[in-house]
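The values are calculated or read from the model by the stated rules, or taken from the named source; none is laboratory data. Computed from a predicted model, the values in this text were never measured in an experiment. Cβ sites come from the backbone with ideal geometry, for glycine too, and all protein chains shown count toward neighbours.
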């Protein structure tokens, strides 16, 4: 029970990887705040967390709405007394992030960057004073292996997020807040598996590029998040950790 009496905010927690994080942190005793654009999905996950024996709060929230973000943190503090962990998981991805490098697509680019980059910044800034009041905390930004592999518009947004992670770690460090990132490879979320099923040969292509010859699992990512937010990682900050089965092989 590494996170007993601790409170975690998970954006995009109503489905997929965010939902798995909610279950796993609840299993280690955390109070869980589900902040999701889909309020009904957030309520379902909050109910699941309650069934696991942990307290939960669902907040319908758009990460691009600064006032809604601040309101979410205030509700979390009112309910649980503070905030200890933030996981910036909400994002535009898969087919929704495949944008052309063209003037005609600039409106969609701005939306992508607003959600994938400025959303995490807004959530981190809103949570910061509440974490500082507790003596510190931990923030996880959800990046992607696409940041290292020329992954189009999506990769650009995640590469920028990696830079944000480094700078937030520096800025928030004096408050005792550690900021790290997780860069997943392809994991078995519902949306990702549907995306792959519609593209013949994609699984073979993915596995051929990996050192570990299996698809990634959401629990692989949850294991890393649990570690990075725990005292076992108390000397780790400003890092984005690849959890990709060896798809990205950096020579340094």
I'd like to verify a number: residues in region 161-177 that are in contact with a helix residue (DSSP H, G or I) (Cβ under 7 Å, 6 or more places away or on another chain) and crowded, with 17+ Cβ neighbours inside 10 Å, how many? 6
Conditions (1) farther than 25 Å from residue 243 by Cα; (2) touching a residue at least 40 places away in the same chain (Cβ under 8 Å); number of the one not met by residue 137: (1)
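Is at least one residue of region 16-32 over 21 Å from residue 217 (Cβ atoms) and either surrounded by 24 or more Cβ atoms within 10 Å (Cβ to Cβ) or touching a strand residue (DSSP E or B) at 6+ places or on another chain (Cβ under 6 Å) (or both)? Show your work before the answer.
Of all residues in region 16-32, those over 21 Å from residue 217 (Cβ atoms) come to 29, 31.
From what's left, either surrounded by 24 or more Cβ atoms within 10 Å (Cβ to Cβ) or touching a strand residue (DSSP E or B) at 6+ places or on another chain (Cβ under 6 Å) (or both): 31.
For region 16-32, residues over 21 Å from residue 217 (Cβ atoms) and either surrounded by 24 or more Cβ atoms within 10 Å (Cβ to Cβ) or touching a strand residue (DSSP E or B) at 6+ places or on another chain (Cβ under 6 Å) (or both): present.
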Residue selected from region 192-211 under the condition part of a loop (DSSP other than H, G, I, E, B) and over 23 Å from the mean Cα position of the chain (by Cα), by the criterion modelled with the highest pLDDT: 211
What's the number of the condition residue 189 fails, among (1) surrounded by 14 or more Cβ atoms within 10 Å (Cβ to Cβ); (2) within 22 Å of residue 13 (Cβ to Cβ); (3) modelled with pLDDT of 95 or more; (4) out of contact with any strand residue (DSSP E or B) (no Cβ under 6 Å at 6 or more places or on another chain)? (3)
